[in-house]
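Heads up: the structure comes next, in structure tokens.
The values are calculated or read from the model by the stated rules, or taken from the named source; none is laboratory data. Just so it is clear, the structure is predicted and the values come from calculations on it, not from any experiment. FYI the Cβ positions are ideal-geometry reconstructions off the backbone, even for glycines, and counts take in every protein chain you see. Accessible surface areas use protein heavy atoms only, side chains included; no ligands, DNA or RNA. Shrake-Rupley method; radii C 1.70, N 1.55, O 1.52, S 1.80 Å.
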Number of protein chains: 2
Amino acid sequence: MTQLLKVQNFTVSGDGFGAGDGQSLERPFGHADPGTMFTWAGATASWPNRTEPGGSRGLDDYLTRDFAHNIGAEIMGRAKFGPQQGPWEDHEWRGWWGEEPPFHTPVFVMTHHTRPSFTLSDTTFHFVDGEPAAVLAAAKDAARGKDVRLGGGARTIRQFLDADLVDTLHVAVAPSVKIGSGSRLWESPDELRDRFHVDVVPSRSGVIHHLFWRK
Amino acid sequence: MTQLLKVQNFTVSGDGFGAGDGQSLERPFGHADPGTMFTWAGATASWPNRTEPGGSRGLDDYLTRDFAHNIGAEIMGRAKFGPQQGPWEDHEWRGWWGEEPPFHTPVFVMTHHTRPSFTLSDTTFHFVDGEPAAVLAAAKDAARGKDVRLGGGARTIRQFLDADLVDTLHVAVAPSVKIGSGSRLWESPDELRDRFHVDVVPSRSGVIHHLFWRK
């Protein structure tokens with residue numbers, strides 16, 4: 001069975017940004033407002049961070065429900081892991097997600113500043129410095145035959161797209177949100193049409209789901 | 001966690017039929033042509049009966065991919081299990097699916113003519129005579145906390161809808177197919193709008209996915 005590299009539930013603004021400038025502990029998405037961008041996902045019954053019962057079970061829910069399906073590892077950029085830049089001052093920071101991260105698999109954090117692996121509940125974070133192809137090979141190995149999720153941010157996804165390593169992408173475009181500058185995935189989703197099939201599926205929540213798979 | 005009763009990947013014609021008249025061993029869907037109706041599902045990478053690699057990974061694939069997600073049991077009508085009617089002449093018939101049925105859970109076949117349970121690979125078929133609520137209680141018990149799939153046919157789904165026991169439905173409508181008579185789910189999907197939210201999602205494959213969840 002082929003192991004896929006998949007982008008899932010990644011939300012960008014109408015102008016193609018996954019986050020704004022000026023990321024900090026208080027503003028993980030910089031000057032962008034994550035509340036507006038992620039409303040579609042937070043409203044679904046299957047949103048991994050949901051704490052209350054309820055939620056919708058329509059189109060958007062099929063997409064959030066698929067988050068963990070056959071996923072054996074995640075790759076993320078350092079900016080998804082935390083707001084720090086440069087050498088680690090200490091190893092106190094263990095991600096945004098508290099003691100129960102929503103990944104439940106090995107996670108490979110790409111950074112030029114490596115540090116020892118650690119485990120929170122059933123998620124182990126590894127810190128790797130390398131080219132996308134090498135990081136993907138390590139993640140596939142750790143995934144034990146399952147697929148690998150490419151968790152973002154936008155710049156990290158861009159690196160793997162440029163290296164032609166991505167098999168499928170689900171990107172939710174929030175057309176009413178404009179970010180202007182920051183971490184950009186694309187100028188337009190049409191840029192991927194030469195290499196990918198795409199289903200463009202508007203949702204009643206206001207986002208437009210873009211489902212790409214390799215030609 | 002609530003256990004849901006879910007209809008998944010159930011395809012009906014534009015005029016609301018799941019199968020035609022005159023079901024037989026040679027024609028499981030009676031005078032209807034299943035080839036045309038199920039093209040959308042057979043083209044996806046995740047179709048449970050797929051034997052060759054390949055297939056699409058867009059919208060339709062999210063729906064077929066969800067088939068086994070958190071499902072712990074299936075309920076089906078006798079006509080889905082086989083073409084026989086009335087008392088069993090013998091117990092040679094063990095379903096359409098060969099030695100590896102695609103269910104991988106307990107399956108409850110509703111019939112007034114019960115027979116002993118049997119197991120094929122990791123699927124066990126039970127034959128039960130009872131009202132929908134009693135059959136659902138038995139299936140939920142067997143599902144051990146997971147959800148229950150209501151597999152059809154249309155008349156069986158109709159029974160559970162009439163008893164108000166269904167939590168979610170995914171029905172793919174093939175608008176270009178007309179069957180005219182047989183096993184009917186509805187005159188129109190709008191009949192369910194009083195009790196259910198619905199997302200209506202057209203697919204490039206030609207079917208229109210209807211995703212219902214209880215209000």
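Take B:Arg144 and decide whether it is at positive phi and open to solvent by 50 Å² or more (accessible area, probe 1.4 Å). When the stated conditions are applied, B:Arg144 passes them. Return the residue satisfying two criteria in turn: it lies in the stretch A:37-83 and is touching a strand residue (DSSP E or B) at 6+ places or on another chain (Cβ under 7 Å) and among the basic types (Lys, Arg), and of such residues it is farthest from A:His113 (Cα to Cα). Among those that are touching a strand residue (DSSP E or B) at 6+ places or on another chain (Cβ under 7 Å) and among the basic types (Lys, Arg), it is A:Arg57. Checked against (1) part of a loop (DSSP other than H, G, I, E, B); (2) touching a strand residue (DSSP E or B) at 6+ places or on another chain (Cβ under 7 Å); (3) closer than 19 Å to B:Ser13 by Cα, B:Val166 passes all but condition (3).
With B:Thr111, B:Thr119 as the choices, which residue is modelled with pLDDT of 95 or more, open to solvent by 50 Å² or more (accessible area, probe 1.4 Å) and among the β-branched types (Val, Ile, Thr)? Walk me through it before giving the result.
Values: B:Thr111 fails: open to solvent by 50 Å² or more (accessible area, probe 1.4 Å).
Unique residue meeting the criteria: B:Thr119.
Residues in the stretch A:66-93 that are in contact (Cβ under 8 Å) with a residue 24 or more places away in the chain, in contact with a helix residue (DSSP H, G or I) (Cβ under 9 Å, 6 or more places away or on another chain) and open to solvent by 40 Å² or more (accessible area, probe 1.4 Å): A:Asn70, A:Ala79, A:Lys80. Going through (1) within 13 Å of chain A (Cβ to nearest Cβ); (2) more than 17 Å from the chain's Cα centre (by Cα) one by one, B:Ala138 falls short only on (1). Based on this model, can you work out whether B:Val171 counts as within 14 Å of chain A (Cβ to nearest Cβ) and either over 15 Å from B:Asp60 (Cβ atoms) or surrounded by 19 or more Cβ atoms within 10 Å (Cβ to Cβ) (or both)? Against the criterion (within 14 Å of chain A (Cβ to nearest Cβ) and either over 15 Å from B:Asp60 (Cβ atoms) or surrounded by 19 or more Cβ atoms within 10 Å (Cβ to Cβ) (or both)), B:Val171 qualifies. Among the residues of the stretch B:30-48, not a single one is surrounded by fewer than 22 Cβ atoms within 10 Å (Cβ to Cβ), farther than 26 Å from B:Ala174 by Cβ and free of Cβ contacts under 8 Å to residues at least 60 places away in the same chain.
Matching residues to (1) within 14 Å of chain B (Cβ to nearest Cβ); (2) free of Cβ contacts under 8 Å to residues at least 24 places away in the same chain; (3) buried (at least 21 other Cβ atoms within 10 Å of the Cβ); (4) in a loop (DSSP other than H, G, I, E, B):
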position: A:Ile157; (1), (2), (3), (4): no, no, yes, no
position: A:Glu191; (1), (2), (3), (4): no, yes, no, no
position: A:Val198; (1), (2), (3), (4): yes, yes, no, no
position: A:Phe212; (1), (2), (3), (4): yes, no, yes, no
